[in-house]
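Participant: Questions regarding the structure given below will be posed in turn.
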Amino acid sequence: MIRFENVSVTYDCAAAPTVSGVELTIPEGELVLLIGASGVGKSTLLGTVSGLVPHFTGGTLRGRVTVDGRDTRTHKPRELADLVGTVGQDPLAHFVTDTVEDELAYGMESLGLAPAVMRRRVEETLDLLGLAELRDRPIATLSGGQQQRVAIGSVLTPHPKVLVLDEPTSALDPAAAEDVLSVLQRLVHDLGTTVLLAEHRLERVVHYADQVVLLPAPGAPPVMGTPADIMRVSPVHPPVVALGHLANWSPLPLSVRDARRMAGPLRTRLSTRTPHPAADARPPLPHDPRPTRPSAAAPRRTLAGLLRRAPRGPAAPTVTTATALGVRRGRVEALRRVDLAVAPGETIALMGRNGAGKSTLLSTLVGMIEPTSGSVTVGGRTPHRTPPGELIREVGLVPHEPRDLLYANTVAAECAAADEDAGAAPGSCRALVSELLPGVADDTHPRDLSEGQRLALALAIVLTGRPPLLLLDEPTRGLDYAAKARLVTVLRGLAAEGHAIVLATHDVELAAELAHRVVILAGGEVVADGPTAEVVVSSPAFAPQVAKVLAPQHWLTVPQVREALS
């Protein structure tokens, strides 16, 4: 169905090809998973299938890519629309209508399908993706995960022979991700659809794949094989595979079910040991009003050291509290009687299904939304009544879409503006970028960065102001396992310095590794609030892979198990 013949792509002004020497054949009716570290060229390779590369992105495509016999060099994306459906990392870039139902119908209308066919397919897709209750909703009012499902649905309705998906589950809660992947598997098995998808959250998808394509490094030729064969050699792999490597299991498990069948002896060895807390630093007592400030020791060449070089003056309380907080947005009651208290040095993970109110709560804490009822304070201030220039010293938000913070034409210009806005010494933001995002040149345009790289840049911009309270909305979208490990190290360092961190995430592995507390929202209400191990182990939806494999013991991460065995 898809054939790559000695394909390479070189973008304008690039010193080397982004992808090179690609020789692959993807059969009809298979689900093929494309994996590799951030920036190795996964999105570029996907773009060559839909024709977006090079017709839209520019650059030079050498070799030949054919889809069902059509050469993508001579067929523009609109001439492949009946054959290839594409969903990129940013669903907002795909929407052309205002409401969910209209968006699902638009692609079919463009292809001239009969109204009766369009109506039937819209209803089928609404049911498949759990969107029926949202059919009349304006797309702009949906959560990021709901928008992701609408984007996927809009390419399913025309029934293309090939689906190209770039991180389709990155903004979805675990249950919604399972639903979407089950739909894709049904299309593959029942309709013979060919699915090519790139995904960093391998724990969700690797056991669904028929074959896996590994891009080992930028410009290096890919390696293709079965999931089991590739996972044995891949530098990126899910926690269940890492646990298999640690325990010397053979064959390596690809799913929790496979691992549980082998885990009996390991559970016996661990039964006399106690898990070390996943987060390195023990958080201060909740509601402790005394902020923990950085010490006056000589600064280290670390992110924590960079953040504390310039004194901030007298310490101020950094506790944020919400009391009976309610927010109504149009007809939707987004938050209902939410009580939340965050102490200095504490890391809290907000979890819950798409549309539960996580992003609304973060937006309220940063003053972007005025509460309908109840109260919220940050550093003793009321956020929506505090001038932005003053509030930026107390709280910083990295939004769901990092591009919302990026306006300049180069990384250097973004960093210079961040230094000026925060009143920081020149070069402060650039030093943070180098810590989070090594190897990115000053003259790189932010739009040329991958989704994960843009996130790292946005995070550095927010951290330049050294806010006592840091809010992160889906901070691991687009990040590979290595980049996520760097982020975890950075955030742990900030928590140790006294910064409070609240992150809204669907990444259960991140919550297990980083959070002291987990708060689960449902329908705008807090339904669980407690220590990470207690909350996630008792929840089938939000438990990490290691917890599922080793239950009922309270192990959350592979590093915990490795430390206990050593």
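Participant: Does V561 fit the bill of being among the β-branched types (V, I, T), surrounded by fewer than 23 Cβ atoms within 10 Å (Cβ to Cβ) and more than 22 Å from T364 (Cβ to Cβ)?
Facilitator: No: the conditions fail for V561.
Participant: Of all the residues that make up segment 513-533, how many are assigned to a helix (DSSP H, G or I) and among the charged types (D, E, K, R)?
Facilitator: 1
Table: residues versus (1) more than 30 Å from T532 (Cα to Cα); (2) not aliphatic (A, V, I, L, M).
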position: T410; (1), (2): yes, yes
position: C415; (1), (2): yes, yes
position: P438; (1), (2): yes, yes
position: I461; (1), (2): no, no
position: L494; (1), (2): no, no
position: E497; (1), (2): no, yes
position: I501; (1), (2): no, no
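Participant: I need the full set of residues from segment 534-566 which are over 21 Å from S255 (Cα atoms) and either among the aliphatic types (A, V, I, L, M) or assigned to a strand (DSSP E or B) (or both), in order please.
Facilitator: V535, A564, L565
Participant: Taking V122 as the residue in question, decide whether it is farther than 24 Å from G21 by Cβ and open to solvent by 10 Å² or more (accessible area, probe 1.4 Å).
Facilitator: For V122, the condition - farther than 24 Å from G21 by Cβ and open to solvent by 10 Å² or more (accessible area, probe 1.4 Å) - is not met.
Participant: What are the pairs with Cβ atoms under 7 angstrom where one residue, in segment 254-268, is touching a residue at least 24 places away in the same chain (Cβ under 8 Å) and the other, located anywhere, is open to solvent by 50 Å² or more (accessible area, probe 1.4 Å)? Sequence gap at least six, or different chains.
Facilitator: Listed by first residue and then by second, the contacts come to L254/H207; S255/H207; V256/K548.
Participant: Do you know which residues across segment 209-224 are open to solvent by less than 30 Å² (accessible area, probe 1.4 Å) and either under 22 Å from the mean Cα position of the chain (by Cα) or at pLDDT 95 or above (or both)?
Facilitator: Selection gives A209, V212, V213, L214, L215.
Participant: Let me ask something else. Which residues, counting only those in segment 225-256, are open to solvent by 20 Å² or more (accessible area, probe 1.4 Å), in contact with a Leu (Cβ under 7 Å, 6 or more places away or on another chain) and closer than 15 Å to L550 by Cβ?
Facilitator: Matches in segment 225-256: A247 only.
Participant: Please give the strands (runs of 3 or more DSSP E) falling wholly within segment 16-105 in which 2 or more residues are buried (at least 17 other Cβ atoms within 10 Å of the Cβ), touching a helix residue (DSSP H, G or I) at 6+ places or on another chain (Cβ under 6 Å) and not polar (S, T, N, Q).
Facilitator: Strands (runs of 3 or more DSSP E) meeting the threshold: 31-35, 60-67, 84-87.
Participant: Given the conditions (1) within 26 Å of V205 (Cβ to Cβ); (2) under 29 Å from the mean Cα position of the chain (by Cα); (3) among the polar types (S, T, N, Q), report the number of the one that T72 does not fulfil.
Facilitator: Condition not satisfied by T72: (2).
Participant: Name every residue in segment 106-117 that is out of contact with any Lys or Arg (no Cβ under 9 Å at 6 or more places or on another chain) and buried (at least 20 other Cβ atoms within 10 Å of the Cβ), in order of residue number.
Facilitator: G107 - this is the single residue of segment 106-117 that is out of contact with any Lys or Arg (no Cβ under 9 Å at 6 or more places or on another chain) and buried (at least 20 other Cβ atoms within 10 Å of the Cβ).
Participant: If you check R492, R477, which single one turns out to be of a type in the set (K, R), in a loop (DSSP other than H, G, I, E, B) and either open to solvent by less than 20 Å² (accessible area, probe 1.4 Å) or over 24 Å from A356 (Cα atoms) (or both)?
Facilitator: R477
Participant: Sticking with this one: If I ask for residues that are open to solvent by 10 Å² or more (accessible area, probe 1.4 Å) and either over 15 Å from the mean Cα position of the chain (by Cα) or not aliphatic (A, V, I, L, M) (or both), which ones from segment 498-514 would you list?
Facilitator: H499, E509, E513 - these are the residues of segment 498-514 that are open to solvent by 10 Å² or more (accessible area, probe 1.4 Å) and either over 15 Å from the mean Cα position of the chain (by Cα) or not aliphatic (A, V, I, L, M) (or both).
Participant: Does V526 qualify as being within 22 Å of L335 (Cα to Cα), in contact (Cβ under 8 Å) with a residue 12 or more places away in the chain and open to solvent by 30 Å² or more (accessible area, probe 1.4 Å)?
Facilitator: Yes, satisfied.
The values are calculated or read from the model by the stated rules, or taken from the named source; none is laboratory data. Model, not experiment: these values are computed from the prediction. Here Cβ is always computed from backbone atoms with ideal geometry, including for glycine, and neighbour counts include all displayed protein chains. These accessible areas exclude ligands, DNA and RNA; they are computed on the full protein's heavy atoms, side chains included. Shrake-Rupley method; radii C 1.70, N 1.55, O 1.52, S 1.80 Å.
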